[in-house]
Structures are given as structure tokens and as C-alpha cells.
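Just below is one structure, and these are the notes that go with it.
The values are calculated or read from the model by the stated rules, or taken from the named source; none is laboratory data. Because the structure is a prediction, the values reported are computed rather than measured. Note: ideal-geometry Cβ built from the backbone for every residue, glycine included; neighbour counts use all protein chains shown. Please note that ligands, DNA and RNA were not included when accessible areas were found on the heavy atoms of the full protein model with its side chains. Shrake-Rupley method; radii C 1.70, N 1.55, O 1.52, S 1.80 Å.
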Amino acid sequence: MFDRRNVVAVLLAGALAAGCSEGTTDPPDTSERLSAAESLALFEAMRAIQSDPDPTIIGGSENSMVVACPLGGQITITIDVVEESVGDTARLTSDFTATPSGCQVSSGGMRFTVDGRPSVRERTVATIVGFFEAFTLEGSVTGALDWQSDGRSGSCDIDMALSGGLDSSGTEPSLAAVLAGTLCGHETRLDVDDVPGGPSG
């Protein structure tokens, strides 16, 4: 029997880790503030750790793990997943909290040292009706980070909403989703689409 949880897990992993097309509104530059491009580089660098299929785990417990960051430091990731079913409707809620500590990462030619203030939380709710007769995705990415880069330092507040659903118009179902909100003081939109892994046949 096809396991809907496996399909949702693949879709969520793809949505949150896939390459995105982005648009930002860049406010006037101020000291110790990341530009829109730098903010995206920081966001993508941190996301890459969480989506790494083969992380270097240096500790943890039943629902959390401590992962070594690529260039030094560490990040503690707490995971909570709850599945609920009522009639023909299934709901999968995932809650991830990432707390970096001296975490050194790089992306887009930039290198950052990142600490949580105190952490960043990602909450995602996937709802499935029947055998994917309907599929919706909603959630949020919220929290704050302190960063250092090339002699500069500052903070980055994150307040973004995730929304999406299953696009069955192609030969294979794919997830079309959007992350939109405020990233390090910049209005940001990340379009996430063409993520394979839905049911077929």
C-alpha cells in the first residue's frame, strides 16, 4: 500500500530544500545590515545544513540532533512530527527548531558565523484528502539570527509564511509553493516549484 507519509516527506523536503527563484525589495543600505542578496545567501547557507542528506552528527537525543557546521561550530536541530487522520483526510505537522552556535557557513561567495537569537523555527502543515484528490501546504519560518561576516556583524529577523499545493497539470505531480515575508529586513518572495516525488499512476 502506498504510504502517504512517505510522499509528503519527499514533497516537504523538496519544497524546503529546492532551489528557488526569488524576488526582493531592497531598502536603503544602513550599516551592519545585510543586503537583499547577502540575506538570501545567509538563508540558503543555513537551509543547506538542514537539507544535507548526510550530516555530520556529533550528538543528540530522541527528538534532536547536534550537527557540525561545514566550516566550524554546530547547530542543534529539534524535530517533532505529528500525524493525524480523520475520515479520508490526513494531516502531517512538522516542527523544526534550529539553534546555531558559532556555526560557520558559506554561500554565494560569502562566509558567515551564525548564532541563534535564540533560534529559527519552521512549522509546516500538509493536508491530504483521499489519495491526493486535494493537497495543501501551509506553514511559517520565524526567528532570529546573529551573524558575523568579513568584519561586519548584525542580526537577521525572519518572518515568512509558506503556502502551496500539489500541481497535477504535468506528467508527474509536483509541489508549487511560495515562501514570502521579511528576511533580514527585506521583503522577500521565494517561489518553490517543480518538485517531483508525488504519486503517479
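Some values worked out for this structure:
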| quantity | calculated |
| --- | --- |
| Relative contact order (%) - region 27-177, alpha-carbon pairs under 8 angstrom, separation at least six | 16 percent |
| Apportionment of accessible area to carbon and sulfur, region 24-155, percent (1.4 Å) | 48 percent |
| Solvent-accessible area per residue for region 79-124 (1.4 angstrom probe, square angstrom) | 51 Å² |
| Virtual paramagnetic centre 7 Å along Cα→Cβ of S101, amide N under 18 Å, in region 59-92 | 59-79 |
| Added length on full extension, which subtracts the Cα-Cα distance from 0.36 nm per residue, V86 to A68 | 2.5 nm |
| Table column - 3J(HN,Hα) (Hz), region 68-85, Karplus curve with 6.51, -1.76, 1.60, x for Gly and Pro | 6, 7, x, 10, x, x, 8, 9, 9, 10, 9, 10, 9, 10, 10, 10, 10, 9 |
| Burial order of peptide ranges 170-176, 50-56 (average beta-carbon count within 10 Å, highest first) | 170-176, 50-56 |
| Inter-label distance for T182 and S35, nm, one decimal - labels placed 7 Å from Cα along Cα-to-Cβ | 2.3 nm |
